1. Any residue at all in region 124-139 that's at positive phi and among the polar types (S, T, N, Q)?
2. Among the listed residues Gly97, Gly69, which satisfies the condition of being part of a loop (DSSP other than H, G, I, E, B), farther than 26 Å from Ala160 by Cβ and not acidic (Asp, Glu)?
3. Could you check how many residues of region 9-39 are more than 15 Å from Glu251 (Cβ to Cβ) and more than 18 Å from the chain's Cα centre (by Cα)?
4. So which residues in region 213-249 are among the acidic types (Asp, Glu) and assigned to a strand (DSSP E or B), if there are any at all?
5. Please specify each residue of region 16-28 satisfying the condition of being buried (at least 23 other Cβ atoms within 10 Å of the Cβ) and within 23 Å of Ser172 (Cβ to Cβ).
6. Report, ordered by the first and then the second residue, all pairs with beta carbons closer than 7 Å, sequence separation of six or more or different chains, a first member in region 72-96 that is closer than 14 Å to Arg32 by Cα and open to solvent by 10 Å² or more (accessible area, probe 1.4 Å), and a second member that is small (Gly, Ala, Ser) and not in a helix (DSSP H, G or I).
7. Give region 15-66 a look and list any residue that's small (Gly, Ala, Ser) and either in contact (Cβ under 8 Å) with a residue 40 or more places away in the chain or in a loop (DSSP other than H, G, I, E, B) (or both), or say none.
8. State which residue is nearest to Leu89 (Cα to Cα) when the search covers only region 203-251 and only residues that are open to solvent by 40 Å² or more (accessible area, probe 1.4 Å) and of a type in the set (A, V, I, L, M, F, W, C).
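The values are calculated or read from the model by the stated rules, or taken from the named source; none is laboratory data. Computed from a prediction, not measured in an experiment: that's the story for all the values here. Here Cβ is always computed from backbone atoms with ideal geometry, including for glycine, and neighbour counts include all displayed protein chains. Keep in mind that these areas ignore ligands, DNA and RNA; they rest on the heavy atoms of the full protein, side chains included. Shrake-Rupley method; radii C 1.70, N 1.55, O 1.52, S 1.80 Å.
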Amino acid sequence: MAPDTVVLVHGLWVTPRSWENWIAYYEAKGYRVIAPGYPGFEIEVEALRQQPEVIARLTVPETVDHLAGIIEALPEPPIIMGHSFGGTLTQLLVARGLGAAAVVIDSAPTEGVRVNPISQARSLLPILKRWSNRHAAAGFTEQEFHYAFTNTLPAAEARAAYDRYAIAAPGSWVFKYGLFANFTPGHQETWVDYRRADRAPLLFVAGGADHIMPPSVNRGNQRKYRKSAAVTDYHEFPGRSHWTCAEPGWEEVADYALNWAVEHARTPADR
């Protein structure tokens, strides 16, 4: 029987509010939808903007543990979908054996993906150019957010997205797991066992016009799994930005992700 629950994992610089369209869309299809926040992110965007210390002190291990606890408490393995760094977190959850199927959309890479396009470096430069951001909650200006996230939107729509959704992110995550990650020796907190065969099927979805996590990053991440016997697919939507889950036409992405996950979901016999 196909999973009846979808867990949506948000990325950096946003909160679960970023999934509001998908939540209503999937619920209308009869699914139970859970969009958990990171630890401390249970409050609204406006409140988080006033409490940057909640963001600054967050760690990846506690975030993965928090999300894993929610998923493990469900009666049956769900479909897990993650956007941006939520895609990284989704890969870490799948590596723990969680989920019936998983989709990562415009995913930030897990450790060992050595693809760093110029547009990605330009997107992250506002955070990386300030060494003090290593221990701070680091945000984008409206113009920086437009370049990194909403570059396909007209200025007014990009401004509205920024006003409604944008928050700061843990600067330490950008430094540890971003452009400098592959210069750090040893396994880090975003390392996964790419060879694992007994994991959930995994789909990478990329937006052709994404600046911060371009298709080359997602293709590079998918190729890391090439020695695994588990299903690992890739699909690209031309002309779509990093804001693909909310920009016009997001329904096409939501439908493709859900249909793929339902088709490839592991049954109890497969586990």
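1. Within region 124-139 (the criterion being at positive phi and among the polar types (S, T, N, Q)), the answer is no, since none of the residues qualifies.
2. Step by step, each of Gly97, Gly69 is checked, and only Gly97 is part of a loop (DSSP other than H, G, I, E, B), farther than 26 Å from Ala160 by Cβ and not acidic (Asp, Glu).
3. Within region 9-39, residues that are more than 15 Å from Glu251 (Cβ to Cβ) and more than 18 Å from the chain's Cα centre (by Cα) number 2.
4. Asp233, Glu236
5. Selection gives Ser18 alone.
6. Pro77/Gly99; Pro77/Ala100
7. Within region 15-66, Ser18, Gly30, Ala35, Gly37, Gly40, Ala56 qualify.
8. Val231
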